[in-house]
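Single-structure report; data block below.
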Amino acid sequence: MAAYGKSIPQAAMGVGAALVIAAVVSLKPHTPDLSLVAAAPTVVQVHLTAALTALAIGIVLMMRVKGATLHKTLGWTWVVAMGITAVSSLFIRGMNPGHFSFIHLLSGWTIVALPGAVYAIRRGNVAAHRRAMTAMFVGGLLLAGLFTFIPGRLMWSVFMG
């Protein structure tokens, strides 16, 4: 089971790293223009901070031993960060002005899946908890994070624009 818990996140991180390297080589990025983040609306800043917090904690959680006190403490912090990320995204509608976009489906899924994953582990269903949390990490953070680098979006402008 330990191999299962590590193989999916490591593969996703490998794919993500390959995409970042390809972007760096082909697109000639520049020093990040953090003034764009500072000028962004507060909800975008909250969303970005929560997402980066969840990403950093998620990487640690996926790499370390499961079930220990540190895992539980960081896990609750991750749940809060993911909740803030998902809820704050509902107020960001720049891609489709005034309306939700397809990316908001990931937010809705996360808002529903987070309590379900916590419920699963409280009931001792480790397999369901692992599946849900891994899926949220890969889909709700890594996949959604890749979407932020679409040309014209804030992260694209910060790093590539």
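The values are calculated or read from the model by the stated rules, or taken from the named source; none is laboratory data. Predicted model, so just to flag it, every value in this text is computed and none were measured. Because the Cβ atoms are built from the backbone with ideal geometry, glycine has one as well, and the counts that use them run over all protein chains shown.
Things to note:
- Among the residues listed as 78, 109, the single one being at pLDDT 90 or above, among the aromatic types (Phe, Trp, Tyr), surrounded by 15 or more Cβ atoms within 10 Å (Cβ to Cβ) and closer than 18 Å to residue 146 by Cα: 109
- Among the numbered conditions (1) assigned to a helix (DSSP H, G or I); (2) touching a helix residue (DSSP H, G or I) at 6+ places or on another chain (Cβ under 8 Å); (3) among the basic types (Lys, Arg), the only one that residue 66 does not meet is (1).
- Filter result for residue 151 (closer than 19 Å to residue 17 by Cα, more than 17 Å from the chain's Cα centre (by Cα) and at pLDDT below 95): yes
- Filter result (among the hydrophobic types (A, V, I, L, M, F, W, C) and either in contact with a strand residue (DSSP E or B) (Cβ under 9 Å, 6 or more places away or on another chain) or in a loop (DSSP other than H, G, I, E, B) (or both)) within region 100-154: 100, 102, 103, 149, 150
- Among the residues of region 84-129, those that are within 16 Å of the chain's Cα centre (by Cα) and touching a residue at least 40 places away in the same chain (Cβ under 8 Å) comprise 85, 86, 88, 89, 92, 103.
- With respect to (1) hydrophobic (A, V, I, L, M, F, W, C); (2) touching a helix residue (DSSP H, G or I) at 6+ places or on another chain (Cβ under 6 Å); (3) touching a residue at least 60 places away in the same chain (Cβ under 8 Å), the lone exception for residue 159 is condition (2).
- Residue pairs meeting the criteria (Cβ under 7 Å; at least 6 apart or on separate chains; first touching a residue at least 24 places away in the same chain (Cβ under 8 Å) and surrounded by 11 or more Cβ atoms within 10 Å (Cβ to Cβ), in region 32-50; second outside any helix (DSSP H, G or I) and not aromatic (Phe, Trp, Tyr)): 43/92; 44/92; 47/92
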